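The values are calculated or read from the model by the stated rules, or taken from the named source; none is laboratory data. Fair warning: this is a prediction, and the values are worked out from it, not measured in the lab. Cβ coordinates were reconstructed from backbone atoms using ideal geometry, including for glycine residues, and neighbour counts include every protein chain displayed. Calculation scope for accessible area: heavy atoms of the full protein, side chains included, ligands and nucleic acids excluded. Shrake-Rupley method; radii C 1.70, N 1.55, O 1.52, S 1.80 Å.
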Amino acid sequence: MASHILQVAYYPGLLEIRTQLLESSGYQVTSVLGNDDAIALDGTGIATLDLVVVGFSAPHAIRSAMVRWFKAHYPKIPVIVLQFSNWETFPEADLVTLSEDPNIWLAAIANAVKPH
């Protein structure tokens, strides 16, 4: 069964591109636009997630709030943040990876969802 990933995007065009990349890599993807849509998801559906990916096209504070919310409510679900620049830090995230190269972040996702 394919890993189920929640993608939290902040720009419609990037939401669509990342959804296509993730699905073509074999993942089941639920995509939402922004923190409010992510928080509004049904808790039962969230509990089936294998990973959360937080996009890069919103201010750092907004993305940090999303990471903190997920880790507070669903601490066992790994959260990967796509980093806009090297100065950004997300201490609550399980992994931070550069956003500019899909090969880099897709490899990080594959590593995060593989059985350990």
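Where only protein heavy atoms count, and the probe is 1.4 Å, what is the accessible area per residue for the chain in Å²? Kindly include the intermediate steps, with their values, before the conclusion.
Values: 6060 Å² over 116 residues.
On a per-residue basis, the chain sits at 52 Å².
Relative contact order (percent) for region 25-116, with alpha-carbon contacts under 8 angstrom and 6 or more residues of separation? Mind dumping the intermediate values first?
Numbers: 95 pairs, mean separation 20.9, N = 92.
Result for region 25-116 is 23 percent.
Provide the gained length on full extension for the span His4 to Ala47, in nm with one decimal, where the gain is 0.36 nm per separating residue minus the Cα-Cα distance.
The span from His4 to Ala47 would gain 14.5 nm if fully extended.
Of all the accessible heavy-atom surface of the chain, with the other protein chains kept in place and a 1.4 Å probe, what percent is carbon and sulfur?
58 percent
7 Å from Cα along Cα→Cβ at both Leu98 and Trp69: what's the point-to-point distance in nm?
Spacing of the two 7 Å Cα→Cβ label points: 3.0 nm.
Want the number for Gln20 to Glu88: 0.36 nm per residue separation, take away the alpha-carbon distance, what's left?
Values: separation 68, 0.36 × 68 = 24.48 nm, distance 2.61 nm.
Taking 0.36 nm per residue and subtracting the Cα distance, the gain is 21.9 nm.
Go through (1) 2.22; (2) 1.62; (3) 0.95 and flag the label whose value is the computed Cα Rg over 2.2 N^0.38 Å for this structure.
Calculated Cα Rg over 2.2 N^0.38 Å: the matching label is (3).
Can you list residues whose amide H is under 5 Å from Gln7's amide H, if they're 5+ apart or on another chain and H is modeled 1.01 Å from N?
The list, which skips near neighbours in sequence, is Thr30, Ser31, Val32, Val53.
When the Cα centres of region 46-116 and region 14-28 are compared, how far apart do they sit, in Å?
Between the Cα centre of region 46-116 and that of region 14-28, the gap is 15 Å.
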